[in-house]
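First the structure, in the form of structure tokens, and then the observations on it.
All of the numbers you see were taken from the coordinates with simple rules; none came from a lab. Keep in mind it's a predicted model, so treat the numbers as computed, not measured. A quick note on method: Cβ atoms are made from the backbone with ideal geometry, for glycine too, and the neighbour counts reach across all protein chains shown.
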Amino acid sequence: MARTLTTPVQQRFSDIDSFHHVNNVAQQMYFDVGKVDYYQKVLGEEVLLGQNRIITVSTSTSYLGQVRMGDDIRVTTTCERIGNKSIVLFQQLLCGEEVRSESRSVMVAFDFDRQESFPVPALWRERMLGE
């Protein structure tokens, strides 16, 4: 079973629009906060700083309910699927137990020196699957 990580998110005043709810762009940034936390705690910092990293190639987000100023929110991040060179991360933005938005991101293992993708390493697979 894939590991799921929960990340608390702090709202900023600039995240709130004139209707007193969190802007959709800010919600996408919350998902990015969850991704970075997932990379650091599950995959290891090398996927952010090393030669071989993980990059986002596609993101799809569904907004299911409003997030309001002062809501206690958190992001869950889990690996939904691992392909040969790609990983699909599934994330949810929760207020209490209610899902307010969810996002799927296709990530690719990428070698920055060679400027090309490469197969997802066995170590990354093990860490994401909690093996």
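Overview of results
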read-out: Translational diffusion coefficient (Stokes-Einstein; Kirkwood radius from C-alpha pairs) of the chain at 37 °C, 0.692 mPa s, in µm²/s; value: 214 µm²/s
read-out: For the range 75-131 and the range 1-67, distance of Cα centres in Å; value: 12 Å
read-out: Estimated distance in nm for a label pair at Glu46 and Asp32, the labels positioned 7 Å out from Cα along Cα-to-Cβ; value: 2.6 nm
read-out: For Lys85, residues with placed amide H under 5 Å, excluding near neighbours; value: Val120
read-out: Selected from Phe13, Gly130, Met29, residue furthest toward positive end of dipole (the chain; charges at beta carbon); value: Gly130
read-out: Per-selection metrics, the range 69-126 (Cα): Rg and Dmax in Å; value: 15.1, 45
read-out: 0 to 90° range, to nearest 10: angle between helix 24-38 axis and the chain longest Cα axis; value: 40 degrees
